[in-house]
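Q: Below is one structure. I have some questions about it.
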Amino acid sequence: MSTLRITGLASGIDYESMITKLMDAQRQPLDKLNQKKQINQWIQDDYRTLNNKILDFKNAAFDMKLESGYLAKTATSANTNVATASGSANAFDGQYTLQVKQLAEIASFKTGILPGSTIGKDTTFTLNGVSIELKSTDTYQDLTNKINAQSVMTGVKVAYDKTLKTMFFSTTKTGADAHIDLRGTDVGSILNLPTTTSEKITYAGSAELSLDKKLTTLNGKSFSLKVNGSGDPVTFNFNFTGNTTVKDFVDSMNKALISTGVNASLDKDGNLIFDNPNNSQTIEIDATNETNVLSTLGLNVASSTTNTVASIFDVGLNAKVLFNDVEGEYDSNSFTIAGINITAKEKSTDAIKITIAQDVDTVFNKIKSFVDKYNDLISSINSELSEERYRDFTPLTDAQRKDMSETQIEQWEAKAKSGMLANDSILTNSLIKMRQALSASVSGLPTGQLKSLSDIGISSSLISGSTISGSYMDKGKLYIDENKLKQMIAEKPDEVLSLFMANDNNDKTTAGDGIATRLYDQASAIFSQIVDRAGTSTSVRNTFVLGKESLEYDKQISALQTRLSDMETRYYNQFTAMEKYISQMNARSSSIASLLNSGG
């Protein structure tokens, strides 16, 4: 509701200034409430800033509880041209031998010079069993795009060079399981490939097979198939179980025969078909010792057809190595043996040496980083606790800001914000507990084993020659004797690990806990206490102590603002009424004077 305010027109009195001064006096309690709320906010801000450092230290302490951090290994290869190596936590110190007999390779091939610019006919071909449909108007770039779109399914990608008029096929992975099987009636003319003779053997019978049919009657029986080609024969042996399906049998066979190019499939009539792209190799099936196997599979009657087709079949290679004279085969040139990560780079006639040793520098840097974070944290806590509180410098009111320059405001607020956490009980008690956690020996460890930080060269005071580091002035800062720490890491890595990681799982005492375990628990406790008091940036205000206080200030401020607004309106109403009365009196006086003058 608006109020018509008439000020001083009749009386000549500056009521506006009078009311402003009256209200300034009345607003002092409101200013004090806003100042208290501002201080509350500054305390929250300081707590949360410090809690970010506590969280960072807590995470560092958690990392120090992980065993792998203390078991870092260095691996040195005597010939990095042949192979490089890196050690994992599972590698044991020692010297090993490695000979690379064969590198893992992808399967690949290139087309002939491609004819024309478009495919020229509608056709379909298969790539690793995936059907790809082409239109006569498709360009070779379209063909490339269609093949690459199926690469997740086929494991094959293609690069097309328009200038060379050639397509380059390659598998996305290395190893003997990586293959390219390209088949189709028109593949030869489209890709300008040489033709080969392909044999298709169809076993037709009364078995009426389907891929999901379970071969329960063959439980415990076996099946063997051998493919004889230009290289060593490839044999597939299979033992049936009560849950074996036709699909299980066919998939296992195709996986075993991948290097030969022979592919088994089941047609819509339930016939088992072997597609042999190389007619010079033979397929031999042996199940003579197992009755009913062939008849159950429908392999009683076979018919063979040959076709002159263009087809490509290529298989990748596995890496083959001798590790300490033990043969190993891997589908990639990067593999792990006995916890040693190895990358083979070239074949070698002779074995090379790989040496594994404790990685002292990595462990040292990990511990040093942890100590640095601790020192940084306690420095920040000590700074907050000892920061001077200037109680005469209260948060500025809006009226005070109007009379000050920006520099004066900055200088004033720097002192007003100072010492928000001075002598804070949460921080004081937490600092004491962290120092106790560091200085107390770890109980429960074997006699003679490292039990305290000072045993590995870490303490709040350090004497090195004539130099003394650390005093009570440093308020608990830790110093590191680098030579001693590195010596302990090299000579007693397991004991260093136990010193930090020990955990007696006793909630009533920390005596049997390692340094990292203790400090992680302490950091977690401090973090939780501060969150309970000051919340986080995402906390709802009614869930933590200072937030609840801030809400209460808001209520008091709102109530006081309403009261002051009503008071100011009342003042204006009173002075407006007075002004109207004076105006009326002045009008009457003028009227009387006018009558007197006219009567004279």
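Q: Counting only residues that are closer than 21 Å to Thr171 by Cα and charged (D, E, K, R), which one in the range 237-280 is surrounded by the most Cβ atoms within 10 Å (Cβ to Cβ)?
A: Asp251
Q: While we're looking at this one, here's another question. Can you tell me how many residues in the range 58-69 are at pLDDT 90 or above and either crowded, with 19+ Cβ neighbours inside 10 Å or not in a helix (DSSP H, G or I) (or both)?
A: 6
Q: Which members of the range 111-129 meet the condition of being surrounded by fewer than 16 Cβ atoms within 10 Å (Cβ to Cβ) and over 14 Å from Ile190 (Cβ atoms)?
A: Gly129
Q: Test Thr517 against the criterion of being in contact with an Asp or Glu (Cβ under 8 Å, 6 or more places away or on another chain), surrounded by 13 or more Cβ atoms within 10 Å (Cβ to Cβ) and within 25 Å of Ala440 (Cα to Cα), and give yes or no.
A: Against the criterion (in contact with an Asp or Glu (Cβ under 8 Å, 6 or more places away or on another chain), surrounded by 13 or more Cβ atoms within 10 Å (Cβ to Cβ) and within 25 Å of Ala440 (Cα to Cα)), Thr517 does not qualify.
Q: Kindly evaluate Ile432 against the criterion of being within 37 Å of the chain's Cα centre (by Cα), in the same structural domain as Asp31 (by TED's automatic domain parsing), in contact (Cβ under 8 Å) with a residue 60 or more places away in the chain and not in a loop (DSSP other than H, G, I, E, B).
A: For Ile432, the condition - within 37 Å of the chain's Cα centre (by Cα), in the same structural domain as Asp31 (by TED's automatic domain parsing), in contact (Cβ under 8 Å) with a residue 60 or more places away in the chain and not in a loop (DSSP other than H, G, I, E, B) - is not met.
Q: Here is a further query. Give me the pairs: first residue in the range 228-245 and at pLDDT below 85, second residue surrounded by 15 or more Cβ atoms within 10 Å (Cβ to Cβ), beta-carbon distance under 8 Å, and six or more apart or on different chains, which are they?
A: Gly229/Thr260; Gly229/Asn278; Gly229/Gln281; Ser230/Gln281
Q: Check whether at least one residue in the range 176-193 is among the basic types (Lys, Arg), surrounded by fewer than 18 Cβ atoms within 10 Å (Cβ to Cβ) and either in a strand (DSSP E or B) or in contact (Cβ under 8 Å) with a residue 12 or more places away in the chain (or both), and report yes or no.
A: no
Q: Can you go through Ala104, Ala89, Ala78, Ala83 and tell me which one is in contact (Cβ under 8 Å) with a residue 12 or more places away in the chain and within 30 Å of Ala523 (Cα to Cα)?
A: Only one candidate qualifies: Ala89.
Q: Might you let me know whether the range 443-451 holds any residue that is at pLDDT 90 or above, among the charged types (D, E, K, R), surrounded by 13 or more Cβ atoms within 10 Å (Cβ to Cβ) and within 36 Å of the chain's Cα centre (by Cα)?
A: Among the residues of the range 443-451, at least one is at pLDDT 90 or above, among the charged types (D, E, K, R), surrounded by 13 or more Cβ atoms within 10 Å (Cβ to Cβ) and within 36 Å of the chain's Cα centre (by Cα), which makes the answer yes.
Q: If you scan the range 24-75, which residues turn out to be farther than 17 Å from Met501 by Cβ, of a type in the set (Gly, Ala, Ser) and in contact (Cβ under 8 Å) with a residue 24 or more places away in the chain?
A: Residue satisfying the conditions is Ala75 alone.
Q: Sticking with this one: Within the range 246-266, how many residues are in a loop (DSSP other than H, G, I, E, B) and either without any contact (Cβ under 8 Å) to a residue 60 or more places away in the chain or among the aromatic types (Phe, Trp, Tyr) (or both)?
A: 3
Q: For the range 337-367, name all the residues that are surrounded by 15 or more Cβ atoms within 10 Å (Cβ to Cβ), basic (Lys, Arg) and not in a loop (DSSP other than H, G, I, E, B).
A: Lys366 - this is the single residue of the range 337-367 that is surrounded by 15 or more Cβ atoms within 10 Å (Cβ to Cβ), basic (Lys, Arg) and not in a loop (DSSP other than H, G, I, E, B).
Q: Please give the number of the condition Ser369 fails out of (1) in contact (Cβ under 8 Å) with a residue 60 or more places away in the chain; (2) farther than 19 Å from Gln522 by Cα; (3) of a type in the set (Gly, Ala, Ser).
A: Result: Ser369 fails condition (2) only.
Q: A further question on this structure: From the set of residues in the range 502-513 that are surrounded by fewer than 23 Cβ atoms within 10 Å (Cβ to Cβ) and under 15 Å from Ser439 (Cβ atoms), which is farthest from the chain's Cα centre (by Cα)?
A: Ala511
The values are calculated or read from the model by the stated rules, or taken from the named source; none is laboratory data. Fair warning: this is a prediction, and the values are worked out from it, not measured in the lab. Reconstructed Cβ throughout: ideal geometry from the backbone, glycine too, with neighbour counts over all protein chains shown.
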